[in-house]
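To keep things clear, I will list the structure first and then write my remarks on it.
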Amino acid sequence: MAFRGEIRVPGDKSISHRAILVNAAAGGEWRVRNLLEGEDVLRSLELVKRVGVSVKRERGDYILTSPGRFALKEPDDIIDAGNSGTTVRIGAGLLASVRGLSVVTGDRYLRKRPMLRVVEPLRRMGALVLGRGGGEFLPLAIEGRSLSGIEYESPVASAQVKSCVLLAGLSSNVPVRVREPVNSRDHTERLMKAMGARVEVSGTSVALKDSSSVKPVDVDVPGDFSSAAFFIGGALVTPDSEIVVRDVLLNPHRTGFLSVVSRMGGDVKVENVREQSGEPVGDIIVRYSPDLRGTVVEESEIPSLIDEVPILSVVAVFAGGVTEIRGAGELRVKESDRIRAMCSNLRLFGVTVEEKPDGMVIQGGGGTVTPERVSSFGDHRVVMSLEILSRALGKEVQVDDTTSVRTSFPTFYDILRSVYS
Ligand code: S3P
């Protein structure tokens, strides 16, 4: 049994959210091709519909029309973001300028995730935001108004925080600057530039200088690198495997996983690189790599592979020696506590792994035990990592609840069936 064949993965989740939420602040019509039709992105579509954006689906494309930032209307009901942190955190940047009251909630996982990181800068811009725990937890109630500009120093490297502040600035047509400890993914900046905003990037700081004449832009969404990573990981560690992933996003702020597996000795090649909707896109060719070596992943690399740590921990099981992941405390507040989720599941497979407050140390060469059941922790990326691990080991393992996969990668099992045999 091996991973073999040529695949395309669904549209990138981060770019899909932005193609909806950021464009919605500008008046006019735009088309989104290859939008990810995962639950999380559908929640962002729901959010913009509630504030008056019209959404049509035409032969697989989405056509949206917004009345523009100063004509968005008060939502007539509570907005349910489901499991989607991106919908809430970036969406809050839009809602903070929409006149009237917006109330946002989410599922039981999202209601435990920290929101002050966006509430705080929005309050400093003059927004009135209330929430459980002083604004830390959903539901949030936002009374929209005309905001003031801000120079914000974010304590976390988070594209959601950065994008929230940038979108709040664009929605109120005021200048903002955000500085973060390490650069996070830059899709919002790229899109805002394409929309006609003046955006200046210098080191770890991004400034929205002027957005007075923005227009929505069509977006052709590339394949999601974070979805591709599961199959890249599976092919690297399973004998006889070779896969090609076509038309996938290659934004350097997203492909840290490729750099790390390459230095571990992984056979990965990138071809046919081109630009699509202002983002680098290409094909990735991966072959089984029997001589993988453990590595140390440093804090500065984490933002570029933040969502790939679960599958990276699976790759580490097949590497000689030890792999250490450092400075990844943010993983504790993702869809689940991904450090705990991966450490406890890897142990069930007989892997020696040490859990650290901000990372993990994985001893390669484990995976000698077949657990009957492993736990998803309600987290899509944990489920997909465990499915790949059990196939790479040639074991049949049951994951307790796989429904979360539809949030980011609804066709995961179809693609898995098509490449793994
Ligand atoms: C995302 C940013 C990351 C990532 C999430 C999507 C985005 O979160 O983990 O899956 O689209 O901006 P943070 O910005 O909170 O690190």
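Quick notes on this one:
- Relative to the current alpha-carbon distance between residue 373 and residue 215, full extension at 0.36 nm per residue lengthens the span by 51.8 nm.
- Modelled spin labels at residue 414 and residue 270, positioned 7 Å past Cα toward Cβ, are 2.8 nm from each other.
- Fraction of accessible area attributable to carbon and sulfur, region 182-332 (%, probe 1.4 Å): 46 percent
- Here the spin labels are modelled as points 7 Å beyond Cα on the Cα-Cβ line, and at residue 63 and residue 396 they lie 4.9 nm apart.
- Beta bridges per DSSP with both ends in the chain, % antiparallel, nearest 5: 75 percent
- For region 274-326, the square roots of the Cα gyration tensor eigenvalues, ordered a ≥ b ≥ c, give a/c of at least 1.5 with a/b no greater than b/c, which places it in the oblate category.
- Remark: for residue pairs 49/209; 13/162; 162/209; 112/193; 73/334; 269/334, the C-alpha separation exceeds 25 Å in 49/209; 112/193; 73/334; 269/334.
- Estimated FRET transfer efficiency (residue 151, residue 33; beta-carbon r; R0 45 Å; 0.05): 0.80
- Protein heavy-atom accessible surface, 1.4 Å probe, per residue over region 13-208: 36 Å².
The values are calculated or read from the model by the stated rules, or taken from the named source; none is laboratory data. As the structure is a computational prediction, the values presented were derived from the model and not from experiment. For neighbour counting, all protein chains shown are included, and Cβ atoms are generated from backbone atoms with ideal geometry for every residue, glycine included. Just so you know, the surface numbers come from the protein's heavy atoms only, side chains and all, with ligands and any DNA or RNA stripped out. Shrake-Rupley method; radii C 1.70, N 1.55, O 1.52, S 1.80 Å.
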